[in-house]
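Inspection log for the structure reproduced underneath, given as C-alpha cells.
The values are calculated or read from the model by the stated rules, or taken from the named source; none is laboratory data. Only a predicted model underlies this, so the values are computations on that prediction, with no experimental measurement involved. Neighbour counts run over all protein chains shown; Cβ positions are idealised from the backbone, glycine included.
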Amino acid sequence: MLESESAAGAYRFVITPGAPQVMDVDAAVYPRKQIGRLGIAPLTSMFQCGENDRRLANDWRPEIHDSDGLSMLSGNGEWMWRPVVNPAGVRVSSYMDENPRGFGLLQRDRNFENYQDDGVFYDRRPSLWVEPRGAWGKGSIQLVELPAPDETFDNIVAYWNPAQPIQPGSELLFGYRMTWGTQMPSNPPLAHVIATRTGIGGVIGQPRRYFSGRFAIDFAGGELATLLPQANVEPILSASRGQIEITSARPLHSIDGYRAMFDIKPPDDSVEPIDLRLFLRRNGQPLTETWIYQWTPPGPRERRDALALAGSDVG
C-alpha cells in the first residue's frame, strides 16, 4: 500500500528469483494534490569516479561506481548511452520521449582490473533494466546526478516523468518489468559504447593557444569487427555550444571495434554545461548506438592550471 500526504495507492510485485532476477510491477497511484514531478520506476545507484570523471579520483582504486551509465531505448527504436558523472553541483537531465521501450542504470564495465576492489567487487554489481508494459504516453526519462564525497552515497537517480500534469483525484496506472543481473533482456543490435575517456585537448608536442576538452569513446559489437580497414566510417557529432575540433574515427583492434575522438572548445569562460551527441555512420547508416554526454567545462583558473601542466604558456 502507498499512503502519503501527496498520494494514495497500491503496488503489486511478482518476483522471480534467478540469474537474472525479474520483478513484474503493477502500480495504481491516486494523487491527493498536484504533483510537480512524479518519478515512475525510480532507480538509484552510485558513481564516485571513473575513466570519464576523475574529479574525486583521490582513492587508490582506479574506478568506484555501481553503474557507469544510463541506457535508453526510445519509443522510435533509438538506443542511447549516457555515461554518468559525480558533479560538483546537482544536475538534472531530461530526455523527452513517447512510449519508451526501456531504460536502466547499467554496469557495463565488468573488468576487475579497472576497479581493483577485492572487498565489494564493483565489477560484479548488477545492472537494472526497466521495460514498460503498455503505452506510457509522452514524458521524459530524467537523470539526477548529485555530488557525493565518497561511495556511501547513492547519488545517481533515474525515472520516468509523465508530461501530463499530475492533478488531484486522477488515477495513474503503470505496469513494468524490472530485470537485475549482468545480462540484460534487451541489448543494442548496433555497436555499443564500452568506454568514455576525457582529458585536455590539443596536439601533443605543440603549444596550446587555448583550452579545449578531449573525448575518446570506444565502440564494440555490431558490424565493427567485420569492417575492412578501408571502410568509410565517419563520426557524426553535435554540440549545444562551442567548437568541435580534431575529429577522428579509427579501428581499435584490441576490442575489435572503433575509437572516436574529438576536442570541444568552449565558446567562453562560463561553466555552463555543453550537451554532446555522437554516433558512427557508414554509407548513411548508423553503426553504433548514440552516445550522449553533458560536459561541464572547468572554470578559468582550472583551465589555466591545466594548460600550465600541459606546458602551454597561455595567459
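Some values worked out for this structure:
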item: Tabulated pairs, the stretch 162-188, first among the basic types (Lys, Arg), second in a strand (DSSP E or B), C-beta under 6 angstrom, 6+ apart or interchain; result: Arg177/Asp24; Arg177/Glu131
item: Selection from the stretch 174-184 of residues that are part of a loop (DSSP other than H, G, I, E, B) and either surrounded by 13 or more Cβ atoms within 10 Å (Cβ to Cβ) or among the aromatic types (Phe, Trp, Tyr) (or both); result: Thr182, Met184
item: The stretch 154-173, residues that are in contact with a strand residue (DSSP E or B) (Cβ under 8 Å, 6 or more places away or on another chain), assigned to a loop (DSSP other than H, G, I, E, B) and at negative phi; result: Asp154, Asn155, Ala163, Gln164, Gln167, Pro168, Ser170, Glu171
item: Of all residues in the stretch 1-59 being β-branched (Val, Ile, Thr) and more than 30 Å from Arg197 (Cα to Cα), the one that is surrounded by the most Cβ atoms within 10 Å (Cβ to Cβ); result: Val29
item: Complete set of residues in the stretch 51-71 that are modelled with pLDDT of 95 or more and small (Gly, Ala, Ser); result: Ser67, Gly69, Ser71
item: Selected residue [in contact (Cβ under 8 Å) with a residue 24 or more places away in the chain, part of a loop (DSSP other than H, G, I, E, B) and assigned by TED's automatic domain parsing to the domain that holds Trp129] from Ala27, Ala19, Ala41; result: Ala19
item: Qualifying residue in the stretch 4-16 (condition: in the same structural domain as Ser127 (by TED's automatic domain parsing), assigned to a loop (DSSP other than H, G, I, E, B) and of a type in the set (A, V, I, L, M, F, W, C)); result: no
item: Checking Phe211 against (1) in contact with a helix residue (DSSP H, G or I) (Cβ under 9 Å, 6 or more places away or on another chain); (2) crowded, with 16+ Cβ neighbours inside 10 Å; (3) under 24 Å from Met72 (Cβ atoms), the condition it does not meet; result: (3)
item: Filter result for the condition that a residue is in the same structural domain as Ser127 (by TED's automatic domain parsing), touching a Phe, Trp or Tyr at 6+ places or on another chain (Cβ under 8 Å) and either farther than 19 Å from Ala10 by Cβ or modelled with pLDDT of 95 or more (or both), over Glu145, Glu151; result: Glu145
item: Whichever residue in the stretch 281-303 is hydrophobic (A, V, I, L, M, F, W, C) and in a strand (DSSP E or B) and, among such residues, is nearest to His192 (Cα to Cα); result: Trp291
item: Residue match in the stretch 107-120 (condition: small (Gly, Ala, Ser) and crowded, with 17+ Cβ neighbours inside 10 Å); result: no
